[in-house]
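Here's the structure, in structure tokens; my notes come after.
The values are calculated or read from the model by the stated rules, or taken from the named source; none is laboratory data. All of these numbers come straight from a predicted model, not from anything done at the bench. Here the Cβ positions follow ideal geometry from the backbone for every residue, glycine too, while neighbour counts run over all protein chains shown. SASA here: full protein model, heavy atoms, side chains in, ligands and nucleic acids out. Shrake-Rupley method; radii C 1.70, N 1.55, O 1.52, S 1.80 Å.
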Amino acid sequence: TLGWPDLQDPDFRAFYPTQMLETGHDILFFWVARMMMMGIELTGKAPFDTIFLHGLVRDEEGRKMSKSLGNVIDPLDVVDEYGADALRFSLATGTTPGQDINLSMSRVEANRNLSTKLWNAGKFVLANIKDLSEEELSTIVRRKFDTPESIADVPLVERWIVSSLHELIDHVSACNDRH
């Protein structure tokens, strides 16, 4: 791949080495260590400088998924039954980075129900803003929440929400900038 073994190939030069490898912790020794050793041996450079280890998706009882155990969850079946948003949300919440996650269909179903509630809340807002005048609607659309002065007249609870959002944006941006 990438034009190997021609180290001068444009693809190889553009994409090797890369910055990060994301993988499960279960193959750290079996695959990642070998990638590192072979990359250094054959090119003189490590293939990546950061390894991000994510957790494994396990079954409801915490067992590693296996065809022989018959406990494999097909994500396409889950998406067909509950929707992609419910599956994504289930995988993204309920665990900390690097920790394994036990995936249960009851949790996916609960997250589908939450997604439906959020969808319905959005539809409610859209149904109610159609009664606003052009002037009222344009006032809402033009409103910025980017300076302390712009939220000075907003009630305390809403200011706290906007402040928390700005803290989250700053934190996520800083994390993204590091990688």
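Quick notes
- Unit charges on C-beta of K, R, D, E only; dipole of the chain, Debye: 280
- Under-5 Å amide H pairs with Gly24, H placed in peptide plane, nonlocal only: His54
- Where Phe29, Phe12 fall by accessible area, highest first, once all protein chains stay in place (1.4 Å): Phe29, Phe12
- Calculated over segment 39-80, the projected area of the Cα convex hull averaged across directions stands at 5.5 nm².
- Options Phe124, Gly55, Leu114, ranked by Cα towards positive dipole end of segment 28-179, top entry (Cβ charges): Gly55
- Rh (Kirkwood; distinct C-alpha pairs) - segment 1-114, Å: 16.7
- Heavy-atom accessible surface of the chain, averaged per residue, reaches 76 Å², computed with a 1.4 Å probe.
- In a fully extended conformation the segment linking Ala84 and Met35 would gain 14.4 nm over its present Cα-Cα distance, using 0.36 nm per residue.
- Listed residues Ala84, Trp4, Val72: farthest to the positive end of the dipole of segment 1-152 (Cβ charges): Val72
- Shape category assigned to segment 116-177 from the gyration tensor of Cα positions, a/c cut at 1.5: oblate
- Charge sum, other residues only, whose C-beta stays under 14 Å from Asp74's C-beta, Lys/Arg counted +1 and Asp/Glu -1: -3
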